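Read-outs: derived from the displayed coordinates by stated rules, not from any lab. If you're wondering where the values come from, they're calculated on a predicted model, not measured in any experiment. Glycine gets a Cβ as well: all are built from the backbone with ideal geometry, and neighbour counts include every protein chain shown.
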Amino acid sequence: MPLSQPERDWVAPVAHGPVNAVVPLPGSKSMTNRAMILAATATGSSRIGHPLVSRDTRLMAHALRALGADVLETETAVNDGQDWLVDPGERPRGPAEIDVGLAGTVMRFLPPVAALADGDVAIDGDPYARRRPMGPILDALRALGADIDDGGRGALPFTVRGKGGLRGGEVTLDASASSQLISGLLLSAPRFDEGLVVRHEGPPVPSAPHLAMTVAMLREAGAVVDDSEPDVWRVESGALKGRDWEIEPDLSNAAQFLGAALVTGGRVTVPGWPAATTQPGDALRALLTDMGGRAELTPDGLTVRGGSGFRGLTADLRDVGELTPVLAALGALADGPSRLTGIAHLRGHETDRLAALVAEINGLGGDVRELPDGLEIRPRPLRGGVFHTYDDHRMVMAGAVLGLAVPGVRVENVGTVGKTLPDFTERWAAMLTTAG
């Protein structure tokens, strides 16, 4: 049975010396799926260069095809072998059935597009996806004129009864559970008859850089967006332009590779790291430096070097919560305690990431305590054992980092990493061939 099958466990390899590797990474999931939505709601065709090809992005492509867009995957001599060409068609159409899997970007970005369709669009996903917060965006869409039947659950599954368009207007919601609740509305807002004014009321919105990414990409597509007032976003109604999108490397997926430089006292370079970006993963430069690494950004990419050890981390990760699993794993191997805060919203991600990290690191002999909004980590000697992943790709990456220093870490359900990095184990093994 091939390693990529979801049920296959994987013994995380131990590093037998400092790594010295160059690790190219595929495109950003966040940018790829935003570009897909903008391309599918534009007038005219778009090309998406260097897309991430993974479960999450394929789910988005399948969903847009079900709504009438033509998404063609073409072989090229560059861009890791593929470009995606998107012809939006005249308008989204139903009836359609859409599987969002466990992809937050798909489950939050697709309902507004479905509300523009002519016909019913039934949307469902993986079992755990039915527990992820959807009520605020469904209620917001209803306030903007959409007809949605969710049986009163505020969650998957539900049916959007499309009427061929959406009135739009003003709406207020609490997006403290996920910035995707706002991004999903903003990405389709230029197609709303009256545009959109969306206001957030509640605790701070997490992952603010992802909102900046949404606004920037909307503007690149020709939308008029005003985000000058805190917690208020205004998008004018108007046609988007088909265009070429060049997708940056996924910087969040660099965390475990760059972290390996700290664990092994080695050196890892990720080529193509942008000098300026809206991706939250760019924070790795500062975070790994705070842990004792040395980060250098050159035209060739970002290089992180480790030394004879590394220290724990005290940080508010509200804007970069997706980095938490790998940073927690690093904290469990560090020379001192770590305190990671601002991440209560991770309880509603692919799994309850805080509870999962406590259970799995402590199951290997660690000392991790759950805080109201984060984790407190006190390093202890760890032992091998099964590291459960809860169908969460970031948990696979955390388990791999622990396995660098702890023999016998068996990462369960490694195939779930296909959500964002299908060939992760191959890239990991290639990096470790440089150790010693």
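The C-alpha atoms of the chain define a longest principal axis, and helix 353-363 lies at about 20 degrees to it. When peptides 324-331, 347-354, 53-60, 272-279 are ranked by their average number of other Cβ atoms within 10 Å per residue, the highest-first order is 324-331, 53-60, 347-354, 272-279.
When only Cα pairs below 8 angstrom with a gap of at least 6 residues are kept, the range 29-234 shows a relative contact order of 17 percent. Seen from ALA69, the other residues with C-beta closer than 11 Å to its C-beta sum to a net charge of 0, counting Lys and Arg as +1 and Asp and Glu as -1. Across the chain, C-alpha contacts under 8 Å between residues 6 or more apart give a mean separation that, scaled by the residue count, equals a relative contact order of 20 percent. Coupling constants for the range 242-250 follow from the phi torsions by the Karplus curve (6.51 cos²θ - 1.76 cosθ + 1.60, θ = phi - 60°), and in residue order they are x, 7, 8, 10, 9, 8, 6, x, 6 Hz; glycine and proline get x. Every helix of 4 or more DSSP H residues in the chain counts as -39500 (n - 2.57), and over all residues that averages to -8500 deg cm²/dmol at 222 nm.
Relative to the longest principal Cα axis of the chain, at what angle does helix 255-264 sit, 0 to 90 degrees, rounded to 10? The helix 255-264 is inclined about 10 degrees to the chain. For the chain, a crude dipole built from +1 on the beta carbon of Lys and Arg and -1 on the beta carbon of Asp and Glu, taken about the Cα centre, is about 800 debye to the nearest 20.
Quick check: from the Cα gyration tensor, does the range 29-234 come out rounded (a/c under 1.5), prolate or oblate? Verdict is rounded for the range 29-234.
Counting only alpha carbon atoms, the long axis of helix 55-66 and the longest principal axis of the chain meet at about 10°. Once the chain from ARG380 to ALA275 is taken as fully extended at 0.36 nm per residue, the excess over their C-alpha distance is 34.1 nm. Rg and Dmax of the range 134-192, based on Cα coordinates, read 11.0, 30 Å. Here the Karplus curve 6.51 cos²θ - 1.76 cosθ + 1.60, taken at θ = phi - 60°, turns the phi angles of the range 186-197 into couplings of 5, 5, 9, 4, x, 8, 6, 4, 10, x, 8, 10 Hz, with x standing for Gly and Pro.
So who's got an amide H within less than 5 Å of the one on ASP367, skipping anything under 5 residues away but keeping other chains? H placed 1.01 Å off N, in plane. Hits under the 5 Å cutoff: ARG378, ARG380.
Placing unit charges on the Cβ atoms of the charged side chains and taking the dipole of the chain about its Cα centre, the candidate lying farthest along the positive direction among GLY165, ALA356, GLY366 is GLY366.
The largest-to-smallest principal axis extents of the Cα set in the range 284-401 are 38, 29, 24 Å.
Scanning residues 5 or more positions from THR434 or on other chains, those with amide H under 5 Å from its amide H are ASN20, with H placed 1.01 Å from N in the peptide plane. In a reduced charge model with +1 at each Lys and Arg Cβ and -1 at each Asp and Glu Cβ, the range 29-234 shows a dipole moment near 200 debye about its Cα centre.
Straight-line reach from LYS241: which lysines have a Cα under 25 Å away, not including same-chain ones fewer than 8 places off? LYS241 reaches LYS29, LYS163. Restricting the range 58-129 to GluC sites (Glu not before Pro) that sit in a DSSP loop and have at most 14 other Cβ atoms within 10 Å of their own Cβ leaves GLU90. Each residue of the range 424-430 is assigned a 3J(HN,Hα), and the resulting list reads 4, 5, 5, 5, 5, 5, 4 Hz, derived from the Karplus form 6.51 cos²θ - 1.76 cosθ + 1.60 (θ = phi - 60°), x at Gly and Pro. Other residues within the sphere of radius under 15 Å centred on the Cβ of ASP367, judged by their own Cβ, net out at +1 (K and R +1, D and E -1).
A cut-off of 5 Å between modelled amide H atoms, ignoring neighbours fewer than 5 places along the same chain, links ARG311 with GLY292, ASP335.
Estimated translational diffusion coefficient (Stokes-Einstein, Kirkwood radius over Cα pairs, 4 °C, 1.567 mPa s) of the chain: 59 µm² per second.
Of all DSSP beta bridges confined to the range 29-234, the antiparallel ones make up roughly 70%. Within the listed set GLY384, GLY306, GLY104, the Gaussian network model of the chain (springs between alpha-carbon atoms below 10 Å) gives the highest mean-square fluctuation for GLY384.
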